[in-house]
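Colleague: Structure in structure tokens, see below.
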Amino acid sequence: MVLVHKLDGKRHPLTYISAGVLLTGITFVFLNILPHNAWIAVLIVVMITFGEIIAMPFMNSFWVSRTNNSNRGSYAAIYGMSWSAAQIIAPAVGARIITAGGFDSLWWVFAGTCLFVSTGYYILKKLIKKSEPIAVTRVDNIL
């Protein structure tokens, strides 16, 4: 939370979300191209952790900043259902990818997905009108 607190409010939340997802995607590429040993495993875990630390709190911050008192519950429900659906669907899809092509294929699919999603967040940031005020909701207020 120290890192999130230092970053909070300095840039648009979509900047951090995009960067965190991209870092996670780069880590999946490393799983395929770096040699397999204990030090690389530690590096991979640290990089994925930092990717999530950078992206996840700002995802919450972003959707909360887009709501008002009358629709906040709807946004929270959609976000929660999306998260839950991903937790159910992802293991099944991942298992099918592993069965069809092995773990190398899984890491490439994850890397490509992260690149696609990171690009999407970047484009979304560009599409949000600069004149539109962004209610920056501090992450520590959400938690």
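The values are calculated or read from the model by the stated rules, or taken from the named source; none is laboratory data. Treat the numbers as computed from the prediction; the structure is a model and nothing was measured. To get the accessible areas, we keep the full protein, side chains included, count just its heavy atoms, and leave off ligands, DNA and RNA. Shrake-Rupley method; radii C 1.70, N 1.55, O 1.52, S 1.80 Å.
Colleague: Given only helices, namely DSSP H runs of n ≥ 4 each adding -39500 (n - 2.57), what is the per-residue ellipticity at 222 nm of the chain, to the nearest 500 deg cm²/dmol?
Modeller: -28000 deg cm²/dmol
Colleague: Quick one: plug the Kirkwood hydrodynamic radius of the range 1-106 (C-alpha pairs) into Stokes-Einstein at 4 °C, 1.567 mPa s, and report D in µm²/s.
Modeller: Taking Rh from Cα pairs, D becomes 81 µm²/s.
Colleague: Right, here's the next one. With a probe of 1.4 Å, find how much accessible area the chain has per residue, and write the answer as a whole number in Å².
Modeller: Per-residue accessible area for the chain comes out at 65 Å².
Colleague: Per-residue HN-Hα couplings for the range 51-60, Karplus 6.51 cos²θ - 1.76 cosθ + 1.60 at θ = phi - 60°, whole Hz, x for Gly and Pro?
Modeller: x, 5, 4, 6, 8, 4, x, 6, 5, 4
Colleague: Work out how much length V45 to K125 would gain on full extension: take 0.36 nm times their residue separation and subtract the Cα-Cα distance, in nm to one decimal.
Modeller: Once the chain is fully extended between V45 and K125, it gains 26.0 nm.
Colleague: Order L127, L31 by their accessible area, 1.4 angstrom probe, all chains in place, largest first.
Modeller: Accessible-area ranking of L127, L31, largest first: L127, L31.
Colleague: Keeping the other protein chains in place, figure out the carbon and sulfur percent of the accessible area of the chain, with a 1.4 Å probe.
Modeller: 69 percent
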